[in-house]
1. Could you grab me the full set of residues in the range A:5-32 that are of a type outside the set (A, V, I, L, M, F, W, C) and under 16 Å from the mean Cα position of the chain (by Cα)?
2. Contact list please: Cβ distance under 6 Å, first residue in the range B:149-162 and modelled with pLDDT under 95, second residue basic (K, R) and part of a helix (DSSP H, G or I), pairs at least six apart or on different chains.
3. Looking for whichever is out of contact with any helix residue (DSSP H, G or I) (no Cβ under 7 Å at 6 or more places or on another chain), within 14 Å of another protein chain (Cβ to nearest Cβ) and of a type in the set (K, R) here; the options are B:R98, B:R170. Which one fits?
4. For residues that are surrounded by 20 or more Cβ atoms within 10 Å (Cβ to Cβ), under 35 Å from the mean Cα position of the chain (by Cα) and not hydroxyl-bearing (S, T, Y), tally how many sit in the range B:470-517.
5. Being in contact with a helix residue (DSSP H, G or I) (Cβ under 8 Å, 6 or more places away or on another chain) and open to solvent by 40 Å² or more (accessible area, probe 1.4 Å) is the filter; apply it to the range A:19-33 and report the residue that is nearest to B:M115 (Cα to Cα).
6. How do the pairs read when you match residues in the range B:484-508 that are in a loop (DSSP other than H, G, I, E, B) with residues anywhere that are modelled with pLDDT under 80 and open to solvent by 70 Å² or more (accessible area, probe 1.4 Å), using Cβ under 9 Å and keeping only pairs 6 or more apart or on different chains?
7. Go through the range A:34-45 and report how many residues are of a type in the set (S, T, N, Q) and open to solvent by 50 Å² or more (accessible area, probe 1.4 Å).
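The values are calculated or read from the model by the stated rules, or taken from the named source; none is laboratory data. Values in this document were obtained by computation on a predicted structure and should not be read as measured data. Because the Cβ atoms are built from the backbone with ideal geometry, glycine has one as well, and the counts that use them run over all protein chains shown. Just the protein is used for accessible areas: all its heavy atoms, side chains included, with ligands, DNA and RNA removed. Shrake-Rupley method; radii C 1.70, N 1.55, O 1.52, S 1.80 Å.
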Amino acid sequence: MEVLIYLVPMALLLGLSGLAAFMWSLKSGQYDDVQGAAVRVLSDDDMRK
Amino acid sequence: MAETLDLTIYVKRQDDGTAHLDLAIEGIDCAACIDEIEGGLCKLPGIVGARLNYTNHRLAVEWRDGQMSPAAVVAELHRLGYRAHPFKSRLVEEEEDRRAKWLLKCLAVAGFASMNIMLLAVSVWSGNVTDITPETRDFFHWLAALIALPAVAYAGQPFFQSAMGALRNRRTNMDVPIIIGILLALSMSVVETINSAEHTYFDSVVMLLFFLLCGRYLDQAMRRKTRAVASNLASFRTEVAHRIEENGEIALMPTAALKSGDRVLVRPGERISVDGIVISGSSDIDESLVTGETAHRAVMVDSQVYAGSMNYNGTLTLTVTAAGKGTLLDEVERLLENAATAKSRYVQLADRVAKIYAPVVHAAAAITAVTWIVTGASVHDALLTAIAVLIITCPCALALAVPVVQVVASGALFRAGVFLNAGDVFERLARVDTVVFDKTGTLTLPSMSVVDAGNMHPDLLKAASRLALSSHHPLATAVAQMASDCRPYDDATEEPGCGVRAVVDGREMRLGSPAFCDAQVLADQAVASDPFASVIAFSWGEEQIVLLVRQALRPDAAAIVQQLRQRGLDCRILSGDRPEAVAPIAAALGIALWRGGCKPADKIAMLEDLKAEGRKVLMVGDGLNDAPALASAHVSLSPISAADLTQAQADAVFLGDRLRPVLSTIEIACRAHRLMRQNLGIALIYNLIAVPLAFLGFVTPLVAALAMSGSSSLVTLNALRARGRASKPIPEAPPSHPVPAAQGA
C-alpha cells in the first residue's frame, strides 16, 4: 500500500491544477459572455483575411 | 433628425490615449449580429476594438481619442440597423457582479474539496468493512482534514458573514444553525482524527457547503440576469434635452449631463425631461405621467414643471432645478421616507422557520447528550452522538427549499415579462387579497389613442393618419399610430399652433385644431359627447371629421380585472385624476370601489386603512405620485413606462401594453409559495425520520452523506415544478388598436 503515499498526493495535485485553471478562466473573463462564446465559435472571421 | 446627441459624459478616457464607450444595443436577435456589428465598426477609421457581449447585449467600443466622435459609432450602428443607447452601469449591478464571481469561486473551491474528500471517504467506508489498516485510515483522515479545513474557511465565508451579520443585530437566520453545525462537525472530526477513530464527517461538511453554495449562486445568477435586462431597458429610455449653450446654440444632451441652472428648450410635442422652472414661453402640459391628472395644465413664466410631462402647444425655456426641489417632489420624497421607515421589516419565510428550528435542533442535541450520559455511555460517545444529531439536522434541504423555488419561479416570471426587484416578493405576493390600481398609465395605456375610429369613414381615417405622420404634436402622434401606410405625404407643411396641411389629388388636406380645419361645429358636438377627450379635426376638401383622442384602457384590462376578481381578489382604483374621469373607467372594468383626486398622501392613508382592516395590498401604479404608495403597500408592481423613482420603489416591473403580467405574477407567486411550503414540509419529514436515528446512534458518516444528498435532491426536483405549464414565452403583443373605455356609467 506504500504506493498510496505518492499516488494520493498526485491525485490531489491534479485536482488542484484543475481548480487553478478554473480560477484563471474566471479571472480572465471567460464567463462574462457565455452565450456569445457558444455562437462565436461558428463565425468564420478567420477566413476573412 | 440631423441633430446628434452629445455623448461625451459617457466616454471614459484611458491612460493609453484611447477612449472607451459602453452601449446597450437594441435589435440583436441572432448570432450573425455579432459579426455584423463588430465587423462593421472595425471598418471605421480610428476604432481600436469593438466587442459585443451577446449575453447581455452590451457593446464595448474603444477608439483612439480625438480621431472620431462617439456619435459616429452610434450613427454607424444605426446604419447597420441597430439602435444604440449609451449605457452607464449602475453601482448595484457592479456590486452584484462582484458578488456573483465571489460565490462562483467559493463554489469551485467547495466542489473541488468535496470531490477529493469523497474519494478519500469512500475508500475509508469500504475499507472499514474490509481490511483497511488503521495507519492508512489515519493517513486518509489527515489528508481529508488538510483539504477540508482551508476549503471551509474559504468557501464558508458567505455563510459566516451572513450569520455574523444576523447575530450582531440580535436576530437569527438560516445561516446560524448552518454555521454551528459546520463548526461543531469540523472540530469533532479533527478530534476524532487525532484519536485515530473510525468515523469523521469531513465529507458531509464540505458536501453540505457545496449544495448550499449551489442554491446561493443560482439565486444570485437569476437576479443578476433580470437586473441586466432591466438596466438595458432603462438605458433604452435615456432621456435627452436641448440645452441652450452660452453662445445661444442648441445642443442635444443626455439629461444626465445637465446641471442645475442650465437652460433647456422644450418644443411642442416633446416630453419634458427635467424638473425646472419656466423662464419664457407659455404652453399647456400633460402631467398624467407625474400626477395621474389627464386634464392639461396651463404653464407660464415662473411655473414649476416636472420631468415626464408632455409639452403640448408652446415652446418653453426652462432653467433646470436641482433634483428634489419643487413642491410635488418634496412631498413625494418626504412621504417615501416615512413609508420606508414605517414598513415593518418583513421576515422571510425561511428565517421565520429558522427562528423556531434552531432552538429545537440545539435542544435535541443537548437532550441526546444528556440521555446518553444518564444511560451510562461515556462522555465521548454521548458527545459524538449529539454532534451526529446536529450534523444530520443541519438544514441543508431547509436552506435550499426556498432559494431554489425562487430561482425557478423568477425564471418563469422573466418569461412572462416581469422583472423582480426584491427577492422575497413571492412570499408577499402569495398572501395578497386586495389589488389597488392607479388609473392613468396603469389601467390605461401611457400614450394617447383615437377612441372613436370605428365611426369614421375608413378612407378619411387612412388619409388623416398618413398626414399625421408629418406632425410632432402628441394628438397627431395618436392619430398616426393608426396609419397602415407609413409614408408621409411629400409636401406636408406644419403650421405651428394650428396643424399640418398637404395637397393631395388636387384637394387640400388639413389636420389640426378644429378652427384650422373649419370644423368648429362638429368639434363642439364631439366634446359634448365626451368631455374628457381631446379633439383633433381633419378636413379633405369639403369633407370634415373630428377625432376624439384620449388614453385608452390596456387592451386586456377588463378581462384581467375580472379574472383577478374570480380569484377572490378585491380590486380597487385610487387615482390622482378627477373623479369624473375615473368613473367611466371604473364602470368599464366593473370596479365598484374607486376614488379619484387622490394626492400621494391620500393614497397612503387609504392603504393604511386597508392595512388596518388586516388586508394585504398589492399596489399597481406608475406615476411619480404613486411612488410613496408603492413603498408603503405590502407588495407593489409597476409598468416599465413608469417614472424612474416609482420603478425603484416597486417590487417588480412588468413589460408591454397588457395587464396580463399582473395576473401571471400573482399566479406564479402562489404556485411558488405553495412549493416553498411543500419543500419545507419535505425537509421537516426528513428531519422527523433522521433525528430519531441519529438519537439512537445509527448515523455513521455514510448515512449522513446519503441522507443529506437525498433530501437536497428531492427538494430541488420539487422546486422545478415552479416552472409550470405556462413556461412558453409570451409573444410580443401585436400593435393592436387599444379598446377604448366604454362610455357612461
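1. A:G15, A:S17, A:G18, A:S25, A:K27, A:S28, A:G29, A:Q30, A:Y31, A:D32
2. Here the result reads none, with nothing in the range B:149-162 linked to a residue that is basic (K, R) and part of a helix (DSSP H, G or I).
3. B:R98
4. Going through the range B:470-517 one residue at a time, the tally reaches 7.
5. Restricting to residues being in contact with a helix residue (DSSP H, G or I) (Cβ under 8 Å, 6 or more places away or on another chain) and open to solvent by 40 Å² or more (accessible area, probe 1.4 Å), the top hit is A:F22.
6. So the pair list comes out as B:P496/B:N313; B:G497/B:N313.
7. 1
Residues are listed down the side, and each one gets a yes or a no for (1) open to solvent by less than 40 Å² (accessible area, probe 1.4 Å); (2) assigned to a helix (DSSP H, G or I):
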{"site": "B:P158", "(1), (2)": "yes, yes"}
{"site": "B:G165", "(1), (2)": "yes, yes"}
{"site": "B:T172", "(1), (2)": "no, no"}
{"site": "B:I180", "(1), (2)": "no, yes"}
{"site": "B:L186", "(1), (2)": "yes, yes"}
{"site": "B:D203", "(1), (2)": "yes, yes"}
{"site": "B:T226", "(1), (2)": "yes, yes"}
{"site": "B:N232", "(1), (2)": "yes, yes"}
